[in-house]
Every structure is written in structure tokens, then in C-alpha cells.
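Inspection log for the structure reproduced underneath, given as C-alpha cells.
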Amino acid sequence: MRVLVTGGAGYIGSHTVLALLRAGYSVVVVDNLSNSRVESLQRVAALAGRQPDFVRADITDKAALEAVFRRYPDVSAVLHFAGLKAVGESVAQPLAYYRNNVVGTMVLCEVMQAHGVQRMVFSSSATVYGDAKTVPVPESEPLKPTNPYGHTKRVIEELLADVQQANPGWRVGILRYFNPVGADESGQIGEDPQGVPNNLMPYITQVAVGRLESLQVFGDDYPTIDGTGVRDYIHVSDLAAGHLAALRALEQVEGVRAWNLGTGQGYSVLELVAAFERVTGKKIPYTVVGRRAGDVATSYADVTRASGELGWSAQLGLDRMVSDAWRWQRTNPDGYDKG
Ligand code: NAD
Ligand code: UD1
């Protein structure tokens, strides 16, 4: 079975391509390399002992996508990771986010429909819940994102539901990731953010490796165990396995179905720092600063639906997330650039 993976050269996509190849799928990746390097796929190929096909193309380019679907008539499902994901940037450049994420998905759906491909697993985000009333957050929670990036994810979820409604043959899995962290245990592939990381784990690993001086903890006055924000960190390899489970579930599940992918367990910023220091022996200097605009106190997943319907649950705990993130950063201090 051949799967087309948009954004497959990126952080989560590359780990999922590795899992797909290992499970025996044929893979074609479509990526414009706007936030990744093709080296990630070369490393995936070395780890898997098999090559994914790669086409450098932008998903908003209909002619280019048409050419891919013509060249690979055996594609039977699409895993759709391609998109922009930086919250702050989305506030400054909303149109770029709507074009890449929403228009890109529209074009992809048009071309899929024209070629009779009607299965998709879409990368959504827990960001669609905004400041959720119920924690752990169930999939039934109203979608109230608080920034343009989150708006694009909600719009895409709605767009996919409308497409499926009009074309009942479509089957769509919507995966709402909580906080993906860590790296393949080989240390060969991992998260390689451009510039200063926005997210906590890559920030910590860059402090540990000496690229950044100290961590700023955004607020210690939240109503949490130690006052710092609590999140549901999930190992990227568990996330990759969740995609394979969703792909298999679409054999049975009709229509559109959303699943949370998290561990169901929350950790505070200071708990993550402490785990990192304990596991790696590296000291992480930090200072507490004010809250970051738009942050919520506590967010972790209700994972009942994913475990019941996908037969999937996260297997790797915080220590593995930390040690694998550190192995990747330590052996690739400058990411893929000098790796
Ligand atoms: P990433 O930036 O590493 O990967 C995205 C990939 O898509 C990159 O390789 C990029 O070059 C490619 N891309 C972007 N726009 C494209 C376009 N128009 N055409 C073709 N390729 C394009 O990000 P990631 O962390 O791997 O995230 C993958 C998906 O998961 C994204 O949709 C993101 O919004 C979603 N997500 C990520 C997180 C997270 O914390 N990493 C959390 C929730 C959801
Ligand atoms: C961010 C995104 C969210 C996205 C999620 C998963 C924002 C506002 N939200 O959320 O849309 O779905 O990533 O990728 O960017 N922290 C620090 N210091 C730092 C960085 C983070 O203290 O330098 C704290 C944050 O305040 C938060 C926790 O660490 O409490 C996790 O932050 P982060 O990794 O950015 O994830 P989210 O805030 O969950």
C-alpha cells in the first residue's frame, strides 16, 4: 500500500515516514522544504533500509500535486502534515498561514478527489481547544482556538467534515496532538527548529548543549502544582505509531473522526526541567519571567477514545522523551546543518 505524506521531511513527518517504511508501506513524500531539510529523509532511509520517494513541491501548487498523483497512481491514503506551525508568526502573518494551511489543504483535497483518493489522516493540534473548560480534555470539548494558527486548524477540520459530508466515500482521521517532544532513539533524526525555539523542550536541549544561555520560565503563578504551566508531552515515536493506528482504523471507521494523541499525563515546566537534569546530568539555569501571552495553565488529554478506537496508547514516559531529545541534540548540536 502506498501512502503520500505531505510535510514528510519535517519533525513529526520524518518519524512517521520511518514507522511507515518499517511497517512495510511504500511512501512518497511531498514537501517544499520550507522548514526542513531533505537530509532528514536520507537518514530515515538509512535507518529503515528502504528509501521513501521524495518530490519537492508546494501543496498550494495544484499542477505540481496533479503530477505527483499521476506519477503515483497507487497512492491509497494521504497523511497530511504540511503546514506552518509557529503561533507568534501566525499572529504577524495570518494570510501566509491561511494560504499555506487552509488553501494548501483545499488544493490537496481537490486533487485527491480528482484521483479517487479518499482517505486522509490530518495533523491537527490541541491548540484547537484553546483554554479548555474540561481537563483532561475530551474530543467533545468545543473548538475555541485563540490565535490564527489555531484558527487554520479548526477551519481545516470543518473543511474536511464538509468534504466528507458531500462525498460519503471519504474517511478522515483528525489527530489532535498535545505536545510532541523527543526523537528517534537512534539520535539520527529529531526536531531542528529554525532560529530560537518557541517550544520548551528544544529550548532546554539548546541550553544544555550551550547554544542558549538560560531558560526563561514563563510564569510561576498559575494554579498548578508549582505555579508553572502543565502540558501533556508525548514522545514523537509514540505519535508516529498513532498515525499508523489511525491509518488502520480508517479501514473500519467511516466518516470523520477526531482522536486526541497524548499520554493523558501532565507535567509542569519545572518538572520537565528537573527530569532533564536528573536523566542527563546537565544543569539547566533558568529565570522566572512573566507569563507568555496566550498560554493556558494546564492542558492534558483525555485519551480514552484513542485507546478504545485505535487500540493505541503512548508507551514512552518522560525519561525516554528527555533522553532521546538530548541524544539527538548532543550528537547534532547544530541540527541537520552539520550533522
Ligand atoms: P515541521 O515544520 O517540522 O514539518 C512541517 C513540514 O511541512 C516541513 O517539512 C515543511 O517544509 C513542510 N511544509 C510546510 N508548508 C508546506 C507547503 N505549503 N507545501 C509543502 N510542504 C510544506 O512541523 P512538525 O512539528 O513536524 O508538524 C507537522 C504538523 O503537525 C503540522 O501541521 C503542525 O501544525 C502539526 N502539529 C505540530 C505540533 C508540534 O508541536 N510540533 C503540535 C500539534 C500539531
Ligand atoms: C505551543 C503552542 C501551541 C502548540 C503547542 C504544541 C503557543 C502559545 N502555543 O503550546 O499552539 O499546539 O506548542 O507544539 O506557542 N515555556 C517556558 N519557556 C519557554 C518555552 C515554553 O516556560 O521558553 C512554557 C510555556 O509557558 C508552557 C510550557 O513551557 O507552559 C510548554 O510550552 P510550549 O512547548 O511552547 O508548548 P505550549 O505552550 O503547549
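Structure notes:
- For the stretch 39-83, a residue qualifies if it is of a type in the set (Val, Ile, Thr) and either in contact (Cβ under 8 Å) with a residue 40 or more places away in the chain or over 25 Å from residue 246 (Cα atoms) (or both), and the qualifying residues are 44, 59, 60, 68, 75, 78.
Yes/no per residue for (1) surrounded by fewer than 18 Cβ atoms within 10 Å (Cβ to Cβ); (2) at pLDDT below 95; (3) touching a Phe, Trp or Tyr at 6+ places or on another chain (Cβ under 7 Å); (4) not in a loop (DSSP other than H, G, I, E, B):
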| site | (1), (2), (3), (4) |
| --- | --- |
| 283 | yes, no, no, no |
| 287 | yes, no, no, yes |
| 291 | yes, no, yes, no |
| 294 | yes, yes, no, no |
| 307 | yes, no, no, yes |
| 314 | no, no, no, no |
| 321 | no, no, yes, yes |
| 324 | no, no, no, yes |
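- Scanning the stretch 235-264 for residues that are surrounded by fewer than 19 Cβ atoms within 10 Å (Cβ to Cβ) and either of a type in the set (Asp, Glu) or within 15 Å of residue 322 (Cα to Cα) (or both) returns 251, 254.
- Applying the condition of being of a type outside the set (Phe, Trp, Tyr) and in a loop (DSSP other than H, G, I, E, B) to the stretch 326-339 and asking which residue is farthest from the chain's Cα centre (by Cα) yields 338.
- Only one of 150, 227, 190 that is touching a Gly at 6+ places or on another chain (Cβ under 9 Å), surrounded by 17 or more Cβ atoms within 10 Å (Cβ to Cβ) and over 27 Å from residue 112 (Cβ atoms): 190
- Screening residue 311 on (1) free of Cβ contacts under 8 Å to residues at least 12 places away in the same chain; (2) on the phi > 0 side of the Ramachandran plot shows it passes everything except condition (1).
So that you can scan it fast, the table gives a plain yes or no per residue for (1) within 24 Å of residue 335 (Cα to Cα); (2) in contact with a Leu (Cβ under 9 Å, 6 or more places away or on another chain); (3) of a type in the set (A, V, I, L, M, F, W, C):
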position: 13; (1), (2), (3): yes, yes, no
position: 46; (1), (2), (3): yes, no, yes
position: 49; (1), (2), (3): yes, yes, no
position: 82; (1), (2), (3): yes, yes, yes
position: 108; (1), (2), (3): no, yes, yes
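- In the stretch 242-277, the residues that are in a helix (DSSP H, G or I), touching a residue at least 24 places away in the same chain (Cβ under 8 Å) and within 20 Å of residue 231 (Cβ to Cβ): 242, 269, 270, 271, 272, 273, 275, 276
- Per this entry, residue 118 is counted among residues that are away from ligand 2 (no atom under 16 Å from the Cβ) and surrounded by fewer than 23 Cβ atoms within 10 Å (Cβ to Cβ).
Listed here are the residues, each with its yes/no results for (1) within 14 Å of ligand 2 (Cβ to nearest atom); (2) of a type in the set (Gly, Ala, Ser); (3) out of contact with any helix residue (DSSP H, G or I) (no Cβ under 7 Å at 6 or more places or on another chain).
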| position | (1), (2), (3) |
| --- | --- |
| 175 | yes, no, no |
| 184 | no, no, no |
| 205 | yes, no, no |
| 211 | yes, no, yes |
| 217 | yes, no, no |
| 227 | yes, yes, yes |
| 233 | yes, no, no |
| 247 | no, no, yes |
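The values are calculated or read from the model by the stated rules, or taken from the named source; none is laboratory data. Everything numeric in this text was worked out from a predicted model, so none of it was measured. Every residue, glycine among them, receives a Cβ derived from its backbone with ideal geometry; neighbour counts consider all protein chains shown.
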